[in-house]
1. At 7 Å along the Cα-to-beta-carbon direction for both ARG135 and LEU175, put a label point, then send me their distance in nm to one decimal.
2. Nearest 500 deg cm²/dmol is fine: what mean residue ellipticity at 222 nm does the chain get from its DSSP H runs of n ≥ 4 alone, each adding -39,500 (n - 2.57), divided by its residue count?
3. Between ASP308 and THR224, what length in nm is gained on full extension when 0.36 nm per residue of separation is reduced by their alpha carbon distance?
4. Based on the Cα gyration tensor of the chain, what are the three equivalent ellipsoid semi-axes, each the root of five times an eigenvalue, rounded to whole Å and given largest first?
5. Give the relative contact order (percent, whole number) for the stretch 282-361; include only Cα pairs under 8 Å separated by 6+ residues.
6. Between THR278 and ALA79, 0.36 nm times their residue separation minus their Cα-Cα distance comes to what?
7. What FRET efficiency comes out for the pair SER121/HIS145, r = Cβ-Cβ distance, R0 = 25 Å, nearest 0.05?
8. Per the Kirkwood formula on distinct C-alpha pairs, the Rh of the stretch 321-364 is how many angstrom?
Amino acid sequence: MITCPYCFARVAEDKIAFRCVGGCDPVADEPLGELRGGVPPSLPPVFQVRRPGRRADCPTCKRDTGRRVCPECHSGLAAEYCANPGRIVALIGAKGSGKSTYIAVLLHELMNRVGAELDASLVPCDDRTIERYRRDFARPLYGEHRLLRATQSAVTDTLRDPLVYLLSRTVKGRLRSRRAALTLVLFDTAGEDLRSREVTERHLRYLRASDAVVFLVDPASLQTPSDDPDSDPVNVIARVTELLRTEKGPLKIPVAVALSKIDAQKRESASALHRSRTPSGAFDLDDHEGVHEQVRALLDGWQAGALDRYLRQNYADFAFFALSSLGEVPGDAEVGPGGIRPYRVEDPLLWLLHRFNMLDGVRR
């Protein structure tokens, strides 16, 4: 089975559809228009065959095509994605938690420093991902050093596409090596989207198709609660939990809860949060446990221990992290004078790679 990274339908491999390459007259693609919330685009027709492979002949014009699409929404499915469907990771955060900046910096680090450390490749799965990352994330933040604008609700920004990447690496075993893949499907989700009737169904499919969830939490929202319910991380996590729950008992999906903007907090020199992670190509279990316990201590000190208790009551597998996408407090509209110096942005993903047997765990 393959999960479509756009509509999140589960599709059997023998049900994958194809799009004609142009020998047939274009038609209004209603499923794709419904997904993207606009006028149905005029495109060559979609068809299915009995035994789909990498390519198929259009039954009308007889032309050969390799353009595979989801039979439900008609979004294109890259050959690399079909061959390595991997695991889907959902990124969720309350309003003001820094989701857009985190996405931009995490992807940049995976393409460069962290990718080199892990000997991993990060490949965009479609042209829309390439264009949106360059236009909405890389160009303003890395090219122009401007802070990214706040996420618009999907109610008003219906054409916003998810970013879909395939992260793959070779995992060395005792007898032989194997290739493992993780699909990163990242929605830059506005806090209000999780309680909006107009978009809840799509988020429901997104979350229930996910193999893991990363929650971003702004520490300031825990220390000084806001009157805005969309800025309350406990409210957001509770909404997600409600959407995910299908039975009684703790949820089994791995959940990473990361305090963003940790650079704005004072850190004691003896604290686990004061130490940068040592690159090793493996997951440091001792370092991770130290960070997890230090974050729990911070929550207690901020009288925000309810977050820890809620997670323990509702999730069987969760962990705390602390990170900074920029490395220092920025100006009103621009990156700080020190530039972009990320701190531990990769930690939640490394934990998930370890959970998915894509990264070895080591002790000091």
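1. 5.0
2. The helix-only estimate for the chain comes to -8000 deg cm²/dmol at 222 nm.
3. Values: separation 84, 0.36 × 84 = 30.24 nm, distance 1.72 nm.
Separation in residues times 0.36 nm, less the Cα-Cα distance, equals 28.5 nm.
4. Numbers: eigenvalues 263, 107, 82 Å².
Taking √(5λ) for each eigenvalue gives 36, 23, 20 Å, largest first.
5. So the answer I get is 34 percent.
6. Working: separation 199, 0.36 × 199 = 71.64 nm, distance 3.55 nm.
Full extension of this stretch gives 68.1 nm more.
7. Details: r = 27 Å, r/R0 = 1.10.
Calculated transfer efficiency: 0.35.
8. Working: mean 1/r = 0.0814 Å⁻¹.
Hydrodynamic radius (Kirkwood, Cα pairs) of the stretch 321-364 is 12.3 Å.
Each value in this text was obtained by applying a stated rule to the coordinates, not by laboratory testing. These figures come from a predicted structure and were not determined experimentally. All Cβ positions, even for glycine, are placed from backbone atoms using ideal geometry, and neighbour counts span all protein chains on display.
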